[in-house]
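Colleague: To start, I am sharing the structure in question, which I have written as structure tokens.
The values are calculated or read from the model by the stated rules, or taken from the named source; none is laboratory data. In this text the structure is predicted, and so the values were computed from the model without any measurement. Every residue, glycine among them, receives a Cβ derived from its backbone with ideal geometry; neighbour counts consider all protein chains shown. What goes into the accessible areas is simple: the full protein's heavy atoms, side chains included, and nothing from ligands, DNA or RNA. Shrake-Rupley method; radii C 1.70, N 1.55, O 1.52, S 1.80 Å.
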Amino acid sequence: MAIKHNQQIQKNHFHKDWQRRVRVHFDQPGRKTRRRNARVAKAAKVAPRPVDRLRPVVRCSSIKYNRRVRPGRGFTLAELKTAGIPRKLAPTIGIAIDPRRQNLSEESLKANVERLQAYKKRLILFPRRNGKVTKGDASAAEVKAAKKGENTVVSTTSVLPIKNVVEFEEGPIGNYKGDENAYRKLRDARSEARLIGVREKRAKAKAEEEQTKKK
């Protein structure tokens, strides 16, 4: 049973040098300034390149949260191929890649391909060697303007943000009639997948039986 009232605590172990184990955060304002200075220094160091990489739009996991979208780890190889960006070039121009992720819907593939194409339109690609402009490189005027800090951004999320836009349509319930029974459709598909081997075997046996009768 639990101890009641203001009584002595049994088997207490309070004779410890607890002050050595206390962690205080009096340095929080200083750390805040230090983090800000580090962000500014990083932006100046990588300029005119953005400080972050381009991330894809992905759905959150679980039924509870899959209505929301968030930035993903990286673009799939299928998305890069559809957008016409070589997989080895993508990391060098600030695009994150995730070779493990798979596209499970046409909507996600289309949305991320459009995101990549919008990024390509805004991209100012410097020539690898001075005076040798190859296909896809920016013009001399664009490079000069970018070096001066014109038409550049610090972060890709400020230009291509990922927003959760709620879209819904209201009206009388009579306007929304169910065209099909989704539950029945799923059950039939599951049954067909389960019985496909048995039905193939039965059809094969029936065809062999008919052939033997003809002989």
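Colleague: Lysines within cross-link reach of Lys213: Cα-Cα under 17 Å, excluding same-chain residues under 8 positions apart?
Modeller: Lys204
Colleague: Same structure, new question: Specify the longest stretch of the chain that does not include any exposed loop site, a site being one of the GluC sites (Glu not before Pro) with a non-H, G, I, E, B DSSP assignment and at most 14 other Cβ atoms within 10 Å.
Modeller: 1-149
Colleague: A follow-up question, please. Using 0.36 nm per residue, how much length does the chain from Arg68 to Leu109 gain when fully extended, once their Cα-Cα distance is taken away?
Modeller: This chain segment gains 13.1 nm when fully extended.
Colleague: I would also like to ask the following. Using the Cα centre as the reference, give the magnitude of the dipole from point charges on the C-beta atoms of the chain (Lys, Arg: +1; Asp, Glu: -1; all else neutral), rounded to the nearest 20 debye.
Modeller: Dipole about the Cα centre, nearest 20: 1220 debye.
Colleague: Working out 0.36 nm times the residue gap between Lys177 and Ala96, then minus their Cα-Cα distance, what length gain in nm do you get to one decimal?
Modeller: So the chain would gain 24.9 nm between Lys177 and Ala96.
Colleague: Out of every Cα pair in region 92-215, what percent are spaced more than 23 Å from each other?
Modeller: Roughly 67 percent, rounded to a whole number.
Colleague: By how many nm would the segment from Ser61 to His13 lengthen if fully extended, with 0.36 nm per residue of separation less the alpha-carbon distance?
Modeller: 12.8 nm
Colleague: Could you tell me how far the Cα centroid of region 137-178 sits from the Cα centroid of region 60-80, in Å?
Modeller: When both Cα centres are located, 17 Å separates them.
Colleague: While we're on this one: So what does Ser61 come to for accessible area, using a 1.4 Å probe and Å² rounded to 10?
Modeller: Looks like 90 Å² after rounding.
Colleague: Hey, what's the Kirkwood Rh for region 70-146 if you take every pair of different alpha carbons, in angstrom?
Modeller: Computed over Cα pairs of region 70-146, the Kirkwood hydrodynamic radius comes out at 13.7 Å.
Colleague: Follow-up. In vacuo Debye scattering of the chain, one point per C-alpha: log10 I(q)/I(0) at q = 0.18 Å⁻¹?
Modeller: Log-scaled intensity ratios, in q order: -1.38.
Colleague: Please state the relative contact order of the chain as a whole percent: Cα pairs under 8 Å, 6+ residues apart?
Modeller: Dividing the mean separation by the residue count of the chain yields 18 percent.
Colleague: Send over a whole-number figure in Å² for the accessible area per residue of region 80-146, probe 1.4 Å.
Modeller: In whole numbers, region 80-146 has 73 Å² accessible per residue.
Colleague: Additional query: Step through the table entries Lys32/Lys144; Lys120/Lys144; Lys32/Lys81; Lys64/Lys185; Lys81/Lys185, compare each Cα-Cα distance with 30 Å, and write down the pairs that go over it.
Modeller: Check vs 30 Å cut-off fails for Lys32/Lys144; Lys32/Lys81; Lys81/Lys185.
Colleague: Compare the Cα positions of Ala182, Phe75, Ala41 along the charge dipole of the chain (+1 at Cβ of Lys, Arg; -1 at Cβ of Asp, Glu; about the Cα centre) and return the one farthest towards the positive end.
Modeller: Ranked along the dipole, the leading option is Ala41.
Colleague: Over all Cα pairs of region 148-188, how is the pair count split among 10 Å bins, expressed in % and running from 0 up to the last occupied bin?
Modeller: 18, 20, 20, 16, 15, 10, 1
Colleague: If you roll a 1.4 Å probe over the chain with all protein chains in place, what percent of the accessible area is carbon or sulfur?
Modeller: After summing per-atom areas, the C and S share lands at 53 percent.
Colleague: For Ile95, enumerate residues with amide H under 5 Å from its amide H, sequence gap 5+ or separate chain, H modeled in the peptide plane.
Modeller: Those lying under 5 Å, H to H, from Ile95 are Leu54.
Colleague: For region 26-68, list residues with backbone N below 16 Å from a point placed 7 Å from the Cα of Ile124 toward its Cβ?
Modeller: Residues 44-51 fall inside that zone.
Colleague: Also, I was wondering about something else. Can you give me the span-like helices of the chain, meaning DSSP H runs with 18 Å or more of Cα extent along the axis and Kyte-Doolittle mean at or above -1.0?
Modeller: none
Colleague: Here's another thing I want to ask about it. Probe radius 1.4 Å, ligands and nucleic acids left out: which of His15, His5, His25 has the largest accessible area, and how do the rest follow?
Modeller: His15, His5, His25
Colleague: Just want to confirm a number: the relative contact order over region 124-191, from Cα pairs under 8 angstrom separated by 6+ residues, in percent.
Modeller: 18
Colleague: Here's something else I'd like to know. If Lys88, Lys42 are ordered by their accessible area, calculated over protein heavy atoms with a 1.4 Å probe, which sequence runs from highest to lowest?
Modeller: So the residues, ranked largest to smallest area, are Lys88, Lys42.
Colleague: Once the dipole of region 89-215 is set up with Lys and Arg at +1 and Asp and Glu at -1 on Cβ about the Cα centre, which of Ala96, Pro161, Gly197 lies farthest towards its positive end?
Modeller: Result: Gly197.
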